[in-house]
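A.B. asks: Below is one structure. I have some questions about it.
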Number of protein chains: 4
Amino acid sequence: MKIAFIGLGHMGGPMAVNLQKAGHSVAAFDLSKPACDKFAAAGLTIAASAEAAVQGAEVVISMLPASRHVQALYLGAGATGEGGLLAHIAPGTLVIDSSTIAAATSQQVARAADAAGIDFIDAPVSGGTGGAIAGTLTFMVGASAAQLERARPVLEKMGSNIFHAGSVGAGQTAKICNNMLLGILMIGTSEAIALGVANGLDPRVLSEIMRRSSGGNWALEKYNPWPGVQENAPSSKDYAGGFGTDLMLKDLGLAQENAGAVQASTPLGGLARSLYAMHSMSGHGGLDFSSIVQSLQKRAS
Amino acid sequence: MKIAFIGLGHMGGPMAVNLQKAGHSVAAFDLSKPACDKFAAAGLTIAASAEAAVQGAEVVISMLPASRHVQALYLGAGATGEGGLLAHIAPGTLVIDSSTIAAATSQQVARAADAAGIDFIDAPVSGGTGGAIAGTLTFMVGASAAQLERARPVLEKMGSNIFHAGSVGAGQTAKICNNMLLGILMIGTSEAIALGVANGLDPRVLSEIMRRSSGGNWALEKYNPWPGVQENAPSSKDYAGGFGTDLMLKDLGLAQENAGAVQASTPLGGLARSLYAMHSMSGHGGLDFSSIVQSLQKRAS
Amino acid sequence: MKIAFIGLGHMGGPMAVNLQKAGHSVAAFDLSKPACDKFAAAGLTIAASAEAAVQGAEVVISMLPASRHVQALYLGAGATGEGGLLAHIAPGTLVIDSSTIAAATSQQVARAADAAGIDFIDAPVSGGTGGAIAGTLTFMVGASAAQLERARPVLEKMGSNIFHAGSVGAGQTAKICNNMLLGILMIGTSEAIALGVANGLDPRVLSEIMRRSSGGNWALEKYNPWPGVQENAPSSKDYAGGFGTDLMLKDLGLAQENAGAVQASTPLGGLARSLYAMHSMSGHGGLDFSSIVQSLQKRAS
Amino acid sequence: MKIAFIGLGHMGGPMAVNLQKAGHSVAAFDLSKPACDKFAAAGLTIAASAEAAVQGAEVVISMLPASRHVQALYLGAGATGEGGLLAHIAPGTLVIDSSTIAAATSQQVARAADAAGIDFIDAPVSGGTGGAIAGTLTFMVGASAAQLERARPVLEKMGSNIFHAGSVGAGQTAKICNNMLLGILMIGTSEAIALGVANGLDPRVLSEIMRRSSGGNWALEKYNPWPGVQENAPSSKDYAGGFGTDLMLKDLGLAQENAGAVQASTPLGGLARSLYAMHSMSGHGGLDFSSIVQSLQKRAS
């Protein structure tokens, strides 16, 4: 199958490589020349422009940083459709946007695509760069059932879990709901362990008790924030790698933007955003998000 | 073995019954006459007083509502040891307190017991009245290793999980850490589902996605707060039964009392307490604690 | 002076009336026919359209509900400037937008206006409908010093306090900062009084002590949330009138949107938004925002 | 008048000195020898013990760090009254405790005093060491009207504002309500200014706008947290002096202890405690509490 792939960052690059390895013909593009060069070296065919990449493509995939980049790519600078990539994509093409952006933006682009006879779906991912390289990402898809079936063979080359969240935009919503909950449970788990340790408990013993009790959650299973409790967790590697504080902050910001739009109340989710923002402002934006536990411990002044 | 059991409430009564069923000789007592009558009818031998109950007992177990009741029982009203039950318990006896109280109180009573040659350990439980009746409670034990081994055969008649949290008081600390985390997870899960639903997502679909992703936690596994998602959860039974809002509020209050004493920071745990307090004040203290999700949804005014 | 006034709601209508009373020639317009009729009856000259209203105007003033209305009015539906009112306004005209909207939107419209040789400034107000009718509003203005001096004679007919917050957009920022702080201090004041009352203190006595101490704030001076403490406060009139919960919720939402955009941390401001959202969802969106105190008190279930 | 004064710390010492300067005969005592020596040098008569100090005293005043010290002083170690100072105070004596402690402790001591025919009232202060030296403290008094009138001539030698909060314990409650509100206002004010500055506003201009608008509060009047806005505020002196973060943390802890006891909901007050605890743990416990604004700003990592 002929696939155009736009956006060759830490996530998009390896995803495109996996598609090519699976036998697809991939035309890739990124506005950054170094990114193009890096993945050309990895074997990808680089197109001269986004417009060139989508020529003759049956499927277009994009992986960009934020809502405004997706709007600019598909709709053009004026947000009118003029100058946007949609005008260069053939009717009948399937467009899969895997960026994590506002659900409202996914829906806005989908409407413009629909008017041009193009199928646009959102399919944000979780799983990090490790999952992107290994091809074990989780996709949360907003699409009709038919669109999802059309996308499935392609998604399966990049990921191992494919969830159908609902119609277009629902993939984004599911992702921010999940990540808001993740942000909360990481802080909650950190508070609980820190409180226990302040009372003299062993963090390993307490973690194990809670993991097997009603406090059990993904952080206690796979990603314990306390150094030394789990050998492979970022906490045991000086919080290097993993999922950065600033990326969690971005997702919590999207959740708050969404909550404001639908007038939802998210007391813990909103507070989690402010706590990660404080943590980032104190210079820890590049550390794994589980390093938030440090803000709850006594430090040398 | 000859066992004295003090406190025959919804938890203590069935626990004492299980000990008797297991072949132990149980002398039970409660200050409430109706409670004594109810469990006399269930086959328990009721003693004339707490002092009578502990006569000749090898093990004494207590299950009381709050710190002040445990202090009053063992130390007497003046908190001097005079008039307290410790004076009537033979040296060498093992005392197991399964009440959920302040760790500092457990330690205070343990010191007085130790001075009288009595082994005092804390062993608060989780698992609810269902677990008490079925004998499948979880015990979180604060004791020396030797004390725990001495208590184990008795605890095994009432529960299926026995965790050694650390020395005396550690059982209480582990329990409030776990329940603080549980209180946070339940609100966080409620916020996430409510946000998804406000965006048009199906609560079952979203719950299943998060359960299998990094938002996964005990509430999504066993105790989904959204009505209709899990058949056996309290949310599907009008929030009847389960673990009451006011009981969660009590445990979160103990966690805050502890956090204040050790100067720990618990931003989400403290906020969770205030949110359950608001929920209780609006008339929902008797509903299962997962009903907190109602405070995050639009209601008819 | 010839003035066009767009937006004749509870605030805009009386503001336009005050300008006419001061001797200006006002051409008014609103998309709602009943609003036009109501203020025609009050003596305003109603134009056939927004385009007709701005014909020959030296000053254009707008008072609209939200960012999207201001964008649609001045820039047109496509956000391209085509179809927008700017195309009908003569170069050299001063446009004063008194809507409370996102600072980013004010700046976006100002750039388009500037390109057309039009002076666009933001001047959101506080003071409520009472201040609009009495002509005692507070204006927070984002403009150059020269633009502000040009606007001052007009603003003085509608308000008694005019603050220069900074360049365009700064009026909006100042307003949401102030209102975020107001939302926080109203809840904080409510918590403090409710805590005192729960301990048996007289709310009047406690309010007076705090008013004269370091807890002193605007709510204790002018707007005590506890019924019966201040005769003229909305709390003593069943929370009727005043500044509605849903309006406070809107402003706190703008503050959070802004905080997300600049990655600021606002733990109390974010929590205040969620608490007002809960209060609104429980059916109190139309009550004065000081009714938030009710959510902190015990109620009959 | 013959006055015994127990507790010669940064507050108590200068208060006792002011009483002596006003012509009273003061017998002072502190468990710390250096404290006694320091104020002996300032002219105070130091008694050999607390028991000696209260011999023949018409009024006894105490100024101690925390609840446990007040309990130990008046009731003795065993909390039985035995070994406590009350046994050495003559019936009819007036005892004024100016410590900031739990209201429940004030009431507990008052009951024991009452049984011995002694008048015990609580009169915690605000105003800091500056106010203690200048004799301009604010007293919040829990007492009967007759007891307050008896105490007034003495209090007037040490302070300029005397508030009657209610019966015994009410002084403590009023103080923690006020200080909880102060802690909230300071963080709220910090958030608002930081948000404005992040948007390019001048902190002086924004502070002045809010001070004169509905965000107005004591912090904006007297104690602006942003460096350089008010010359005499601690923020303009590297947060030296003033009211330390750890003292605010203690008062917020008392407020939470109280809220837990009466099941009040204090979402902002509880969060404020956790934020000051984080600030203290990061090494800022000795700085003025307005330094909390630093945790909301971007810092060099």
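What follows draws every value from the coordinates through simple rules; no lab data is involved. Just so it is clear, the model here is predicted, and its values are computed rather than measured. All Cβ positions, even for glycine, are placed from backbone atoms using ideal geometry, and neighbour counts span all protein chains on display.
A.B. asks: Using label points projected 7 Å from each Cα along Cα→Cβ, tell me how many nm separate residue B:212 and residue D:38, to one decimal.
C.D. replies: Result: 6.7 nm between the two label points.
A.B. asks: Set the Förster distance to 51 Å, then compute FRET efficiency between residue C:21 and residue A:104 from the Cβ-Cβ distance, nearest 0.05. Please report the intermediate quantities before stating the final value.
C.D. replies: Numbers: r = 43 Å, r/R0 = 0.84.
Calculated value: 0.75.
A.B. asks: Let me ask something additional. So if I average 1/r over every pair of distinct C-alpha atoms in region A:173-296 and take the inverse, what Kirkwood radius in Å does that give?
C.D. replies: Numbers: mean 1/r = 0.0683 Å⁻¹.
Over region A:173-296, the inverse of the mean reciprocal pair distance is 14.6 Å.
A.B. asks: Let me ask another. Between residue C:299 and residue C:261, what is the label-to-label distance in nm when each label sits 7 Å out along the Cα-to-Cβ direction?
C.D. replies: Label at residue C:299, label at residue C:261, 3.5 nm between them.
A.B. asks: Within 10 Å of each Cβ of D:196-208, how many other protein chain Cβ atoms are there on average? Each step should come with its number before you reach the end.
C.D. replies: Working: counts 11, 4, 8, 16, 7, 10, 3, 0, 0, 6, 9, 1, 1.
Average neighbour count from other chains, rounded to a whole number: 6.
A.B. asks: Also, I was wondering about something else. Considering only DSSP beta bridges with both partners in the protein assembly as shown, what is the antiparallel share in %, to the nearest 5? All intermediate terms of the calculation are to be shown ahead of the outcome.
C.D. replies: Numbers: 18 of 118 bridges.
Close to 15 percent.
A.B. asks: Taking a ≥ b ≥ c as the square roots of the eigenvalues of the Cα gyration tensor of the protein assembly as shown, is the shape rounded (a/c under 1.5), prolate (a/b larger than b/c) or oblate? Mind dumping the intermediate values first?
C.D. replies: Details: a/c = 2.16, a/b = 1.29, b/c = 1.67.
Here the protein assembly as shown falls in the oblate category.
A.B. asks: Rounded to the nearest 20 Debye, what is the dipole magnitude of chain B about its Cα centre when Lys and Arg each give +1 and Asp and Glu each give -1 at the C-beta?
C.D. replies: Values: 19 positive and 21 negative charges, 81 e Å.
Once rounded to the nearest 20, the dipole reads 380 debye.
A.B. asks: Further question on the same structure: For chain C, which DSSP H helices look membrane-span-like by this rule: Cα extent along the axis of 27 Å or more and mean Kyte-Doolittle of at least 0.0? Mind showing how you got there, number by number?
C.D. replies: Values: long enough: C:170-198 (42 Å, 1.07).
TM-like helix candidates: C:170-198.
A.B. asks: No solvent, one uniform scatterer per C-alpha: report log10 I(q)/I(0) for region C:2-166 via the Debye equation at q = 0.14, 0.17, 0.18 1/Å, two decimals.
C.D. replies: -0.62, -0.96, -1.10
A.B. asks: Can you find, among B:168, B:236, B:4, the residue sitting farthest towards the positive end of the charge dipole of chain B, where Lys and Arg contribute +1 and Asp and Glu -1 at Cβ?
C.D. replies: My answer, from the dipole projection, is B:236.
A.B. asks: For residue B:2, give me every one of the lysines with a C-alpha distance below 26 angstrom, ignoring sequence neighbours fewer than eight places off in its own chain.
C.D. replies: Within reach: B:21, B:33, B:38, B:157.
A.B. asks: If packing is taken as the mean number of other Cβ atoms within 10 Å per residue, what is the order of D:171-179, B:123-131, highest first? All intermediate terms of the calculation are to be shown ahead of the outcome.
C.D. replies: Working: D:171-179: 30.1, B:123-131: 21.4.
Most protected by this proxy first, the peptides run D:171-179, B:123-131.
A.B. asks: Within 10 Å of each Cβ in peptide D:219-231, how many partner chain Cβ atoms are there on average? Round it to a whole number, please. Can you show the working numbers first?
C.D. replies: Numbers: counts 5, 3, 3, 2, 1, 0, 0, 0, 0, 0, 0, 0, 0.
So the per-residue partner count for this stretch is 1.
A.B. asks: Right, next: What is the P(r) of chain A, as percent of Cα-Cα pairs per 10 Å bin from 0?
C.D. replies: 6, 26, 32, 22, 11, 3, 0
A.B. asks: Can you compute the FRET efficiency between residue C:49 and residue C:129 using 1/(1 + (r/R0)^6), with r the Cβ-Cβ distance and R0 = 25 Å? Round to the nearest 0.05. Mind dumping the intermediate values first?
C.D. replies: Numbers: r = 26 Å, r/R0 = 1.05.
Calculated value: 0.45.
A.B. asks: Obtain the radius of gyration and the Kirkwood radius of region D:13-69 from its C-alpha atoms and give Rg over Rh. Display every interim value, and only then the final one.
C.D. replies: Working: Rg = 11.0 Å, Rh = 11.8 Å.
Computed over Cα atoms, the ratio is 0.93.
A.B. asks: Hey, another quick one. Sort C:58, A:257, A:149 by Cβ crowding within 10 Å, fewest neighbours at the top. All intermediate terms of the calculation are to be shown ahead of the outcome.
C.D. replies: Values: C:58 16, A:257 19, A:149 11.
Arranged by neighbour count, lowest to highest, C:58, A:257, A:149 become A:149, C:58, A:257.
A.B. asks: Right, next: Packing-wise, with mean Cβ within 10 Å as the measure, how do D:66-77, B:264-275 rank, highest first?
C.D. replies: Details: D:66-77: 18.5, B:264-275: 28.1.
So the order, starting with the most tightly packed, is B:264-275, D:66-77.
A.B. asks: Determine the sum of side-chain charges near residue B:286: Lys and Arg each +1, Asp and Glu each -1, restricted to other residues whose C-beta is under 15 angstrom from that of residue B:286. All intermediate terms of the calculation are to be shown ahead of the outcome.
C.D. replies: Numbers: positive: B:237, B:250, C:298, C:299; negative: B:238, B:246, B:288.
Summing Lys and Arg as +1 and Asp and Glu as -1 gives +1.
A.B. asks: Could you name the residue in chain A with the C-beta closest to the rotation axis that superposes chain A on chain C, along with the separation in whole Å?
C.D. replies: Residue plus distance in Å, as requested: A:270, 2.
A.B. asks: What residues qualify as long-range amide H neighbours of residue C:95, i.e. H under 5 Å apart, gap of 5 or more or another chain, H built at 1.01 Å from N?
C.D. replies: Distant-sequence amide H within range of residue C:95: C:60, C:119, C:120, C:121.
A.B. asks: So how do A:152, A:111 line up by other beta-carbon neighbours within 10 Å, fewest first? Write out the running numbers ahead of the final one.
C.D. replies: Details: A:152 14, A:111 11.
So the ranking, lowest neighbour count to highest, is A:111, A:152.
A.B. asks: Just checking the output field for D:128-134: average partner chain Cβ neighbours within 10 Å of each residue's Cβ? Intermediate results must be reported in sequence, preceding the final value.
C.D. replies: Values: counts 1, 0, 0, 0, 0, 0, 0.
Averaged over the peptide's residues, the number is 0.
A.B. asks: Holding the Cα-Cα limit at 21 Å, pick out from A:175/A:250; A:250/D:298; A:222/B:222; B:175/D:250 the pairs that are longer than that.
C.D. replies: On the way: A:175/A:250 12 Å; A:250/D:298 17 Å; A:222/B:222 19 Å; B:175/D:250 25 Å.
Long pairs (Cα-Cα over 21 Å): B:175/D:250.
A.B. asks: Next up: Work through the residues other than residue D:94 whose Cβ is under 13 Å from its Cβ and net out their charges, Lys, Arg +1 and Asp, Glu -1. Spell out each step's value before the answer.
C.D. replies: Values: positive: D:2, D:150, D:152; negative: D:58, D:97, D:114, D:119, D:122, D:149.
For residues surrounding residue D:94, the net value is -3.
A.B. asks: Right, something else. Give me, ordered by chain and number, the residues 5 or more places off residue D:27 or on other chains with an amide H under 5 Å from its own placed amide H.
C.D. replies: Here D:3, D:4, D:5 satisfy the definition.
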